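The values are calculated or read from the model by the stated rules, or taken from the named source; none is laboratory data. Here the structure is a predicted model, which is why all the values come from computation and not from measurement. Cβ coordinates were reconstructed from backbone atoms using ideal geometry, including for glycine residues, and neighbour counts include every protein chain displayed. Note: areas computed on protein heavy atoms with side chains; ligands, DNA, RNA excluded. Shrake-Rupley method; radii C 1.70, N 1.55, O 1.52, S 1.80 Å.
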Amino acid sequence: MIKGVALSIFASCLFGLLYYYPVLLQPLSVVDIFCWRLLTSFPAIIILIIVEKQWSAIINLFMRIKQQPLILIGLIFSSFLLTIQMLIFIWAPINGHGLSASLGYFLLPLTMVVFGQIFYKEKLSIFQKIAVVLASIGVVLEIYITGAFSWETAVIALGYPIYFMTRRKLQIEGISGTFSDFFFIFVGCLIYFILHYSFNQVISDLSHFHIFIPMLGIITAIAFAMYFVARRLLPLSLFGLLGYVEPVLLTLVSVLFLHESVSKEHIVPYGLIWLSVCVLALEGGIYLLRAIKRKKLK
């Protein structure tokens, strides 16, 4: 369990580093950085599959595609949804919207709870009800005070549940889903490079960022590897609880390294949303302690 906790936290730290990474690759455009990330990380994902000996899952995926060709539409749609999220992840920190994007990741556990209740008839616990009410008040206040709600916050908070629901419907959880999403995005990035990048531009980018571009793929692959191993080692409740570490780190990156700040008008709405996440984290902590206690009694 200690190893799983350490791997999960370190994976979150690497994702926090990736949040700052686009700053190191300027003046490359958001699309260029996105394509370089996928072109360097997909081969690393393949290596991860080999190391984890997960080829059977990939073979089963190809068998399903052969038997059900129409599933390709769903797989491409899933890749498209992830593409939007990854582009925002790159765009936000280099355009002064790092905090808004991190708020979307804070809201994500709550929107997942709401989507589960609406679409899968999952019952809400008292803690979840309190968290949803607090977050809802925070969002309403944000809209009332500022006259709008950040679109990047909304896209992250609402887009990811749709993405996860799509993967659940397609039954492509785990490494096979990651391979599928990265494969189609990789093909799209490769086509973009062929159409818009000359050989001289590729050489120029690699010469200017000869360390940063290869490391982009390596860091991505290591982060995913640690994430998958941690998920296998940890109880689901503890793994979910550690998921709150990443948005905290993204917020710290935005404040400490991207020099963003929460204005006075945002303090109360943001505070309510962060408080709602703390309520969910408290519930997860209580559930985990009870599970550990039951295990010791056995």
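When only residues in region 31-64 that are of a type in the set (V, I, T) and open to solvent by 30 Å² or more (accessible area, probe 1.4 Å) count, which is nearest to G188 (Cα to Cα)? Reasoning before the result, please.
Kept after step one, since they are of a type in the set (V, I, T), are these residues of region 31-64: 31, 33, 40, 45-47, 49-51, 58-59.
Pick out the ones that are also open to solvent by 30 Å² or more (accessible area, probe 1.4 Å) and you get 31, 40, 46-47, 50-51, 59.
Values: V31: 11, T40: 14, I46: 17, I47: 20, I50: 23, V51: 26, I59: 22 Å.
Restricting to residues being of a type in the set (V, I, T) and open to solvent by 30 Å² or more (accessible area, probe 1.4 Å), the top hit is V31.
Please go through region 261-298 and give me each residue that is β-branched (V, I, T) and either open to solvent by 80 Å² or more (accessible area, probe 1.4 Å) or part of a helix (DSSP H, G or I) (or both), ordered by number.
Taking region 261-298 first, the residues β-branched (V, I, T) are 262, 267-268, 273, 277, 279, 286, 292.
Within region 261-298, I267, V268, I273, V277, V279, I286, I292 qualify.
M226 - would you say it is among the hydrophobic types (A, V, I, L, M, F, W, C) and free of Cβ contacts under 8 Å to residues at least 40 places away in the same chain? Step through it out loud before you land on a result.
On the way: among the hydrophobic types (A, V, I, L, M, F, W, C): yes; free of Cβ contacts under 8 Å to residues at least 40 places away in the same chain: no.
It is false that M226 is among the hydrophobic types (A, V, I, L, M, F, W, C) and free of Cβ contacts under 8 Å to residues at least 40 places away in the same chain.
Among the numbered criteria (1) open to solvent by 20 Å² or more (accessible area, probe 1.4 Å); (2) in contact (Cβ under 8 Å) with a residue 24 or more places away in the chain; (3) within 27 Å of G284 (Cβ to Cβ), which one does R168 miss?
(2)
Quick one: L7 ticks every box in (1) modelled with pLDDT of 95 or more; (2) crowded, with 20+ Cβ neighbours inside 10 Å; (3) over 21 Å from F164 (Cβ atoms) bar one, so which box is it?
The failed condition is (1).
Only one of L124, L108, L141, L103 is surrounded by fewer than 20 Cβ atoms within 10 Å (Cβ to Cβ) and closer than 27 Å to S254 by Cα. Can you tell me which? Can you show your working first?
Details: L124 fails: closer than 27 Å to S254 by Cα; L108 fails: surrounded by fewer than 20 Cβ atoms within 10 Å (Cβ to Cβ); L103 fails: surrounded by fewer than 20 Cβ atoms within 10 Å (Cβ to Cβ).
Only one candidate passes the filter, namely L141.
Of all residues in region 197-223, which are among the aromatic types (F, W, Y) and either open to solvent by less than 40 Å² (accessible area, probe 1.4 Å) or not in a helix (DSSP H, G or I) (or both)?
Y197, F209
Of the residues that sit in region 146-158 and are over 15 Å from W274 (Cα atoms) and surrounded by 13 or more Cβ atoms within 10 Å (Cβ to Cβ), which one is modelled with the lowest pLDDT? Walk me through it before giving the result.
At the first step, the residues of region 146-158 found to be over 15 Å from W274 (Cα atoms) are 146-152, 154-156, 158.
So of that shortlist, the ones also surrounded by 13 or more Cβ atoms within 10 Å (Cβ to Cβ) come out as 146, 149-150, 152, 154-156, 158.
Values: T146: 76, F149: 81, S150: 90, E152: 94, A154: 94, V155: 96, I156: 95, L158: 94.
Ranking the candidates gives T146 first.
State yes or no: is I88 buried (at least 19 other Cβ atoms within 10 Å of the Cβ), farther than 16 Å from V187 by Cβ, touching a helix residue (DSSP H, G or I) at 6+ places or on another chain (Cβ under 9 Å) and modelled with pLDDT of 95 or more? Let's see the steps before the verdict.
Numbers: buried (at least 19 other Cβ atoms within 10 Å of the Cβ): yes; farther than 16 Å from V187 by Cβ: yes; touching a helix residue (DSSP H, G or I) at 6+ places or on another chain (Cβ under 9 Å): yes; modelled with pLDDT of 95 or more: yes.
So I88 fits the description; yes.
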